[in-house]
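The values are calculated or read from the model by the stated rules, or taken from the named source; none is laboratory data. Keep in mind that this is a model prediction, so the values were computed, not measured. Neighbour counts are summed over all protein chains in view; Cβ atoms, including those assigned to glycine, are modelled from backbone coordinates with ideal geometry. Note: areas computed on protein heavy atoms with side chains; ligands, DNA, RNA excluded. Shrake-Rupley method; radii C 1.70, N 1.55, O 1.52, S 1.80 Å.
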Amino acid sequence: MPSPSPLLRSPANPILTAKDVPFPATLVFNAGVCKFHGEYVMLFRNDYGSAETQTLHGTNLGLAYSKDGIHWRVHPRPIFDWHDDEVIRIYDPRLTALEDRVYVCFAMDTRHGIRGGIAVTTDFERFEVLSLTVPDNRNLVLFPERIGGKFIRLERPFPVYGRLGQERFDIWLSASYDLRYWGDSELLLRVEDVPFANLKIGPAAPPIKTRAGWLTTFHAVDFDATRGKNGWEERWQKRYTAGLMILDLDDPRRIVAMSRAPLLVPEASYEVAGGFRNHVVFPGGMILEDTGEVKIYYGAADTVECLATADVDNLIEWCLTNT
Ligand code: BMA
């Protein structure tokens, strides 16, 4: 039997909701978070519309700052908005502070497929887009350091045709010398290796560096055809949990350990009820504090943003012993 997850939900949960946002907002979730110049910075996804009539009109990204990682001041306007004839929306931002810049990995729905992008900013006003994948790919996360001179990212292509029309998707790793041109792509974690996924997996928050290796979360999806209405939609038969793995510090293509039990399973009221899609937890930010505390930020029920914490040594120990 695996030991219980060492992760504890914050008593302040949910830490950010639509009510905290000073512009039209309905679902506030799947945020990226990093520490930059002594403050916590969050970019969150906002799907706006009407919760009363359960309709959505679009998606934008909001910005928030915090001194303690729990209480947030939301910038008055959405930022990094991108839609045109081709681009429908960008969403699910992931932040990596690296060499005094912040890199934003994002998903982008276009009229010709779903792409993953990487942009860079230093002020959260101007964003320079460095690269966009071909479709279909998303869930890009960038490591917070170069490894062997190269930038490294995890990503989740979704080869429907090559996987016989099923959502059997895996986690891949690619490298780059300049963040524009990516290659050396390799399969990292296969969905069939994750006991708590029967559908697909993908990266979650960008990794943190620890003595045991790169500690990183991933999302895992299980499907059950008997599930019915579980949110706004007529049927929502998926459940999203979060897993944990450790990658080798010098060669992150090597998995040191992967917990065979999920790190986080939807259980709290704000994860299982009253949301757009209940039973979804989706980590997007992970911060290692000097005290050894790890903060994991996650979207809950595709509706609100939450926080859970654990001691880094307990996370490592738990991952190594349940592997
Ligand atoms: C995925 C993405 C996420 C979302 C999840 C659950 O495919 O769209 O943004 O949180 O589904 O709906």
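I'd like the full set of residues that are of a type outside the set (Lys, Arg) and surrounded by fewer than 22 Cβ atoms within 10 Å (Cβ to Cβ), limited to the range 108-126. Result: 109, 110, 112, 113, 114, 119, 120, 121, 122, 123, 124, 125.
The requirement of being away from the ligand (no atom under 16 Å from the Cβ), under 21 Å from residue 195 (Cα atoms) and open to solvent by less than 50 Å² (accessible area, probe 1.4 Å) is satisfied by residue 247.
Is the range 287-294 home to any residue that is out of contact with any strand residue (DSSP E or B) (no Cβ under 9 Å at 6 or more places or on another chain) and either farther than 17 Å from residue 207 by Cα or not hydrophobic (A, V, I, L, M, F, W, C) (or both)? Looking through the range 287-294, at least one residue is out of contact with any strand residue (DSSP E or B) (no Cβ under 9 Å at 6 or more places or on another chain) and either farther than 17 Å from residue 207 by Cα or not hydrophobic (A, V, I, L, M, F, W, C) (or both). The number of residues in the range 132-150 being open to solvent by 10 Å² or more (accessible area, probe 1.4 Å) and part of a strand (DSSP E or B) comes to 6. Within the span defined as the range 297-308, every residue fails to be open to solvent by 10 Å² or more (accessible area, probe 1.4 Å) and more than 16 Å from the ligand (Cβ to nearest atom). In the set (1) over 23 Å from residue 24 (Cβ atoms); (2) exposed (fewer than 13 other Cβ atoms within 10 Å of the Cβ), the condition left unmet by residue 35 is number (2). Taking the range 70-94 as the range and being touching a Gly at 6+ places or on another chain (Cβ under 8 Å), more than 16 Å from the ligand (Cβ to nearest atom) and modelled with pLDDT of 95 or more as the test, the residues that pass are 74, 75, 78, 79.
Got at least one residue in the range 85-92 being assigned to a strand (DSSP E or B), touching a residue at least 40 places away in the same chain (Cβ under 8 Å), open to solvent by less than 40 Å² (accessible area, probe 1.4 Å) and among the aliphatic types (A, V, I, L, M)? Scanning the range 85-92, I find no residue that is assigned to a strand (DSSP E or B), touching a residue at least 40 places away in the same chain (Cβ under 8 Å), open to solvent by less than 40 Å² (accessible area, probe 1.4 Å) and among the aliphatic types (A, V, I, L, M), so the answer is no.
Here's the yes/no breakdown for (1) more than 16 Å from the ligand (Cβ to nearest atom); (2) of a type in the set (Lys, Arg); (3) touching a helix residue (DSSP H, G or I) at 6+ places or on another chain (Cβ under 8 Å):
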| site | (1), (2), (3) |
| --- | --- |
| 273 | no, no, no |
| 281 | no, no, yes |
| 288 | yes, no, yes |
| 311 | yes, no, no |
| 315 | yes, no, no |
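A Cβ distance below 6 Å, combined with a sequence gap of six or more or placement on separate chains, defines the contacts here; from the range 135-150, residues that are away from the ligand (no atom under 14 Å from the Cβ) reach residues that are open to solvent by 50 Å² or more (accessible area, probe 1.4 Å) and assigned to a strand (DSSP E or B) in the pairs 135/115. Restricted to strands (runs of 3 or more DSSP E) entirely inside the range 224-323, those with at least 2 residues that are of a type in the set (Ser, Thr, Tyr) and either in contact (Cβ under 8 Å) with a residue 12 or more places away in the chain or touching a Pro at 6+ places or on another chain (Cβ under 8 Å) (or both) are 238-247, 293-300.
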